[in-house]
Structures are given as structure tokens and as C-alpha cells.
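Single-structure report; data block below.
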Amino acid sequence: MAENELAGRAVLAVVHNYGVEQDELVVPVERLRAAGAQVDVAAVKNEPVQTLVGDKDPGKSVTPDLTLADADVSAYDLLLLPGGTVNADQLRLEEKAVAAVRAFTLTGRPVAAICHGPWALVEADVVRGKTLTSYASVRTDIINAGGTWKDGPAVRCEADGWTLITSRNPGDLDDFLSEIGSVLAAQG
């Protein structure tokens, strides 16, 4: 993504305060901001977000921009759901996170989820008829929820009137961010 390519675009990254995979939050936030997008990190609590590396080792601490309760989801062009097993498992139990997923999909705005992030999509019951990827262990949950699972670095699905971008793990971030950049740039 080129500098200022995404100027005027707003992205909401939704996370729990503990357990998000470091690179699945930090790298997209840094690259999207460098491309000119406004990126807000909304956490469950107004406390630092403790990231993890490989679901076990402490990573960087990230200061959220706002709480999920304070986020006006209508003000954003794309919803970003980073993974991390602990983060994604806790986030799918947060009604405001699930409601954010539904709000984006019902209004036809794109959602991007990586690794275990699609658990929130399953919880929101929005994967039926969609083709997506995830961390391999989420495959059965996606299939049981009516989605089609595909193994690939980044899968983009336009079915049902909204765009879904998914990826498997931090090793796929370049492909994942390329798809996000393409979708956001096309909105301009």
C-alpha cells in the first residue's frame, strides 16, 4: 500500500484486552496507518491490550483508542478481527463485538478476520454461504456454521452483499493486507 493511498478510510480493530496475536494486531494497524487510513483499536476495557506471540509468550502492550462500548461502528469503513486463540475465544462472548460484526455485514461493509478471528463471524451467524479461511482448527466451526472453508493465504468472498477477507495466520499478513488495501481503496 502506498503512502496516503487509504486517506479518508476508517478501520475499526476489535480486540479483547488479553491474548491477541501480536503481529495480527500491530502489523495491520501500522501498515494501514502508514497508508493513510484512520485505524482505531477498540478493546473491551479501557486498559492496555496485552498481546501474545504464538499464543503463549508476552508481546507488545497496545493502548486502545477507545472501548468497544464507546465505538460508533457506523463511522468505519472496515471491521478488523485479529486472532490469537485467547483473544478470539473471549471476544466471541462479548455481545458488543458480535453486534459490531452483524452491523457491518447488515450494512454491506467489509469485514477482515485472521487466524482465530472468524470465531466472531461464526458467533454472529454470518458465515453461511461464505467462503473463507482461518487457522486450521477453526475449520470445523466454519463448516458447521454453513461456510465453505478454503486453505489459502487470503480468501476474499463477495457473496451475500458484503465483502469478507480472511487469512490463516501471521505468515499470511502480506496477502491479507493486500486484499484489505484493495477493498478499502476501491471504496474511494
Going through segment 1-39, which GluC sites (Glu not before Pro) have at most 13 other Cβ atoms within 10 Å and a DSSP loop state? E3
What is the sum of charges, Lys and Arg at +1 and Asp and Glu at -1, for the other residues whose Cβ falls under 14 Å from the Cβ of G54? -3
Placing one equal point scatterer on each C-alpha of the chain and summing with Debye, one gets log10 I(q)/I(0) at q = 0.08, 0.10, 0.12 Å⁻¹ equal to -0.20, -0.32, -0.47
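How high is the relative contact order of the chain, in percent, counting Cα pairs under 8 Å that sit 6 or more residues apart?
Value for the chain: 20 percent.
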What number comes out for the charge environment of G84, summing +1 per Lys or Arg and -1 per Asp or Glu over other residues with Cβ under 14 Å away? -2
Long-range amide H partners of A112, meaning residues 5 or more apart or on another chain whose placed amide H is closer than 5 Å, are L79, L80, L81, I165
Short version: ³J(HN,Hα) in whole Hz for each residue of segment 161-166, in order, from phi by Karplus 6.51 cos²θ - 1.76 cosθ + 1.60 (θ = phi - 60°), x for Gly and Pro, what are they? x, 8, 8, 10, 10, 10
Expected sort for W119, W162 with the fewest Cβ neighbours (10 Å cutoff) up front is W162, W119
Once Lys and Arg are counted +1 and Asp and Glu -1 for all other residues with Cβ under 15 Å from that of G146, the total becomes 0
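Each reported figure results from applying straightforward, stated rules to the coordinates on display, with no laboratory input. Since we're looking at a predicted model, the values are computed, not measured. Cβ: placed from backbone, ideal geometry, glycine included. Neighbour counts: every protein chain shown.
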